[in-house]
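Bear in mind these aren't lab numbers, they're just calculated from the coordinates by the rules spelled out. Predicted model only: the values in this text are computed from it and were never measured. Don't worry about glycine lacking a Cβ; one is built from the backbone with ideal geometry, like all the others, and counts go over all protein chains shown.
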Amino acid sequence: MATHHDVIVIGAGFGGMYALKKFRDDLGLNVRVFDKAGGVGGTWYWNRYPGALSDTESFVYCYSCDRDLLQEWDFDTRYLNQPQILRYLEHVADRWKLRPDIQLNTGIAAAHFNEADNLWHVQTDNGERHTAKYLVTALGLLSATNLPNIKGIETFQGDLVHTGAWPDDLELAGKRVGIVGTGSTGTQVITAIAPEVDHLTVFQRSAQYTVPVGNGPVSKEYVAQVKKDYDAIWAQVRESAVAFGFEESDVPYASVSPETRQAIFERAWQKGGGFRFMFETFADIATDEEANKGAQDFIKAKIAQIVKDPETARKLTPRDFYAKRPLCDSGYYATFNRDNVELVDVKENPIAEITAKGVRTSDGVEHELDTLIFATGFDAVDGNYKRFDLRGRDGLAMKDYWRDGPSSYLGVTVANFPNLFMVLGPNGPFTNLPPSIEAQVEWFTDLVKHAEDTGLSTVEATADAEQQWTDTCQAIANATLFPKAQSWIFGANIPGKKNTVYFYLAGLGAYRKVLSDCQDASYKGFQFA
Ligand code: FAD
Ligand code: NA7
């Protein structure tokens with residue numbers, strides 16, 4: 001016998017928790033949330049690696065919907081680390097009384113839309129059966145871990161971990177540690193653990209552009225001012241492009257003198273923040289090759305200044321566009337001046353195999369290790385959608401429907417999958433994410449209210465609307481330099497994954513306008529039954 005709910009939500013991170021609150025408290029619906037994790041928090045439950053930090057500033061890496069919570073919750077650093085964010089999300093779960101409706105340690109194995117009863121039939125990995133009229137997938141866009149299939153990986157005798165499933169009890173002090181991956185996560189881990197471990201071998205595939213994060217304590221006066229200004233802050237965030245709590249620059253790089261450019265970059269370097277460096281300095285770093293080269297050259301000059309050994313500096317110097325997710329760090333380049341840190345460039349000297357004792361590179365050297373860390377990122381955006389059996393009309397499997405790359409209408413719905421609402425689905429906004437999550441959840445809560453008020457049994461995007469949205473996202477992406485760099489933003493990090501558009505890159509303000517225009521036009525692009 002299946003247990004029936006109005007709404008089933010998969011995922012108990014920022015997205016799933018807010019969906020539960022909105023559907024239950026605003027619409028009075030009966031909601032059940034499932035997460036395979038042992039606690040709430042999503043990303044911040046899983047990513048417990050040393051140095052894990054949000055690089056969105058504290059004052060905007062939170063929910064904006066609860067005005068009292070904004071006033072009550074305190075922070076004392078410019079950025080929040082993983083324990084601080086997890087504590088916040090656990091507090092929210094208690095404050096909003098979410099826990100009774102969340103079932104943890106429960107993976108969803110299958111969710112099938114049944115056309116006979118217009119319900120979602122859901123099965124957990126322990127065999128429980130549930131049905132619901134609406135299914136919300138808040139599966140996380142950086143959640144399905146990517147462990148590369150390297151020869152011999154199963155033979156390693158030491159501890160082997162992925163940063164996205166970090167065990168609480170892993171001891172690194174005094175150990176010989178290897179790390180594969182130098183993205184946002186890798187740079188954080190490397191910088192954090194280098195002083196602690198006996199020896200650290202960094203296996204780098206691509207050199208990275210990264211700028212200082214600029215973390216540190218903030219004063220009580222600063223926090224008080226933020227709290228006073230919150231209405232204006234959120235209004236600005238919602239209208240902005242990247243939603244990071246600053247005004248994006250409207251100054252074209254070419255419009256100012258070389259001296260002014262240097263001064264602007266230097267000021268941004270001193271202030272800290274990856275998104276600030278890319279978007280607060282000049283208007284066109286992400287779109288104009290000359291402007292982009294200016295940013296590249298500035299960071300390359302910093303690498304040359306910071307890194308003492310010229311050969312290490314050469315290896316650390318990127319050769320491609322500055323067009324991945326902008327990174328920031330707490331002393332990444334300087335970490336390579338330490339005697340116990342070694343850099344192996346695996347493009348020049350590929351990993352041949354993993355052995356019982358460590359990693360053997362193509363030059364024949366066996367790097368002996370006690371612990372091997374994979375900071376190799378995620379099968380981003382659609383990864384978790386392909387890891388369980390999700391089927392729409394006529395038994396259509398999502399993994400087949402998205403074989404040539406995922407598609408959606410407005411990042412929240414998919415044709416052939418009625419009454420399914422995604423949080424941060426494919427071709428949603430590329431921003432600081434909590435405000436985008438709020439925009440999506442609020443919007444589809446309204447849509448469900450409309451469906452309930454008017455007695456509809458299904459709400460579904462049309463295939464035409466979905467195609468138009470994909471084309472829009474592709475055209476916007478093509479106007480940027482981002483497709484020219486190989487990264488998860490376009491699916492380029494996973495062998496065999498379709499290299500295509502995964503995000504709406506026009507920003508949160510524009511995205512919110514698209515959502516409200518759709519609503520004002522009686523939900524144009526949807527068909528109802
Ligand atoms: P998640 O928090 O990823 O939650 C998804 C949940 O779904 C997980 O708990 C997972 O267990 C569960 N789930 C998935 N599939 C199933 C299934 N089949 N059955 C049951 N449960 C399932 N964003 C920013 O805006 N700023 C930052 O600075 C930032 N830093 C980040 C740093 C790291 C290390 C990572 C990994 C991500 C970062 N992000 C950042 C992105 C971050 O993921 C989002 O900000 C936000 O936490 C996403 O929330 P979510 O609820 O959508 O997904
Ligand atoms: P990323 O940004 O995808 O970085 C993964 C890193 O791992 C990156 O340096 C990759 O090199 C490297 N990688 C991946 N596969 C391999 C193999 N097979 N061999 C060697 N190196 C490999 O993931 P992160 O976790 O750092 O960050 C993801 C987002 O999560 C981040 O933006 C934050 O928002 C949080 P590459 O650069 O592809 O050559």
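So for E154, E280, fewest C-beta neighbours within 10 Å to most, what's the order? Working shown, then result.
Details: E154 8, E280 21.
By the 10 Å Cβ count, ascending: E154, E280.
Could you give the length gained by full extension between E289 and L160, i.e. 0.36 nm per residue of separation minus their alpha carbon distance, to one decimal place? Can you show the working numbers first?
On the way: separation 129, 0.36 × 129 = 46.44 nm, distance 4.01 nm.
Gain on extension, E289 to L160, equals 42.4 nm.
Listing C518, C328 from the residue with the fewest other Cβ atoms within 10 Å to the one with the most, what is the order? Let's see the in-between values first.
Working: C518 18, C328 24.
Lowest count first: C518, C328.
Any chance you could give the angle, 0 to 90 degrees and rounded to 10, that helix 82-95 forms with the longest Cα principal axis of the chain?
On a 0 to 90 degree scale, this one is about 20.
Relative contact order of the chain: what whole-number percent is it, with Cα pairs under 8 angstrom and at least 6 residues apart? Before the final figure, lay out each step's value.
Values: 1086 pairs, mean separation 101.4, N = 529.
About 19 percent, as a whole number.
In a solvent-free Debye calculation with one equal scatterer on each Cα, what is log10 I(q)/I(0) for the range 167-224 at q = 0.18, 0.23, 0.26, 0.30 Å⁻¹, listed in the order of the q values?
Normalising to I(0) and taking log10 leaves -0.74, -0.96, -1.10, -1.26.
Between V365 and E266, with labels modelled 7 Å along Cα→Cβ, what's the label distance in nm to one decimal, could you check?
Placing both labels 7 Å along Cα→Cβ, they lie 3.7 nm apart.
With a Cα-only, solvent-free Debye model of the chain, what are the log10 I(q)/I(0) values at q = 0.07 Å⁻¹?
-0.40
Convex hull volume of the Cα atoms in the range 219-364, per residue, in Å³?
Working: hull volume 27.5 nm³, N = 146.
Each residue corresponds to 188 Å³ of Cα convex hull volume.
Taking the Cα atoms only, what angle lies between the long axis of helix 184-193 and the longest principal axis of the chain, rounded to 10 degrees?
The answer is roughly 50 degrees.
In whole Å, what is the distance between the alpha-carbon centres of the range 323-352 and the range 439-454?
The range 323-352 and the range 439-454 have Cα centres spaced 46 Å from each other.
Which length gain, in nm to one decimal place, applies between Q236 and K399 when the Cα-Cα distance is subtracted from 0.36 nm times their residue separation?
Values: separation 163, 0.36 × 163 = 58.68 nm, distance 3.77 nm.
Going from the current span to full extension adds 54.9 nm.
How much length is gained on full extension from D297 to A116, taking 0.36 nm per residue of separation minus their Cα-Cα distance? Walk me through the intermediate numbers first.
Values: separation 181, 0.36 × 181 = 65.16 nm, distance 6.10 nm.
Computed gain between D297 and A116 is 59.1 nm.
Once Rh is set to the Kirkwood radius over Cα pairs, what Stokes-Einstein translational diffusion coefficient, in µm²/s, holds for the range 345-494 at a temperature of 20 °C and a viscosity of 1.002 mPa s? Please list the in-between numbers first.
Numbers: Rh = 18.5 Å.
Answer from the Stokes-Einstein relation: 116 µm²/s.
Relative to the first principal axis of the alpha-carbon coordinates of the chain, what is the inclination of helix 463-478, with its axis defined by its Cα atoms, in degrees from 0 to 90 and to the nearest 10?
Orientation of helix 463-478: about 20 degrees from the principal axis.
Place a label point 7 angstrom from the Cα of E196 along the Cα-to-Cβ direction, then list the residues of the range 151-181 whose backbone nitrogen is under 17 Å away.
Within reach of a label on E196: 159-180.
Listing S457, S58, S330 from the residue with the fewest other Cβ atoms within 10 Å to the one with the most, what is the order? Intermediate values should be presented prior to the final figure.
Working: S457 13, S58 24, S330 19.
Lowest count first: S457, S330, S58.
Can you give the % of DSSP beta bridges in the range 180-374 that are antiparallel, to the nearest 5? All intermediate terms of the calculation are to be shown ahead of the outcome.
Details: 6 of 16 bridges.
Beta bridges within the range 180-374, antiparallel portion: roughly 40 percent.
Using helices alone, what [θ] at 222 nm do you get for the chain, with -39,500 (n - 2.57) per DSSP H run of 4 or more residues, divided over all residues and rounded to the nearest 500?
On the way: 15 runs with 165 residues, N = 529.
Computed ellipticity for the chain at 222 nm equals -9500 deg cm²/dmol.
With r as the distance between the Cβ atoms of L69 and E353 and R0 = 45 Å, compute the FRET efficiency 1/(1 + (r/R0)^6) and round to 0.05.
Details: r = 51 Å, r/R0 = 1.13.
It comes out at approximately 0.35.
To the nearest Å, what is the center-to-center distance of the range 1-62 and the range 73-132, using C-alpha atoms only?
The two parts, judged by their Cα centres, are 4 Å apart.
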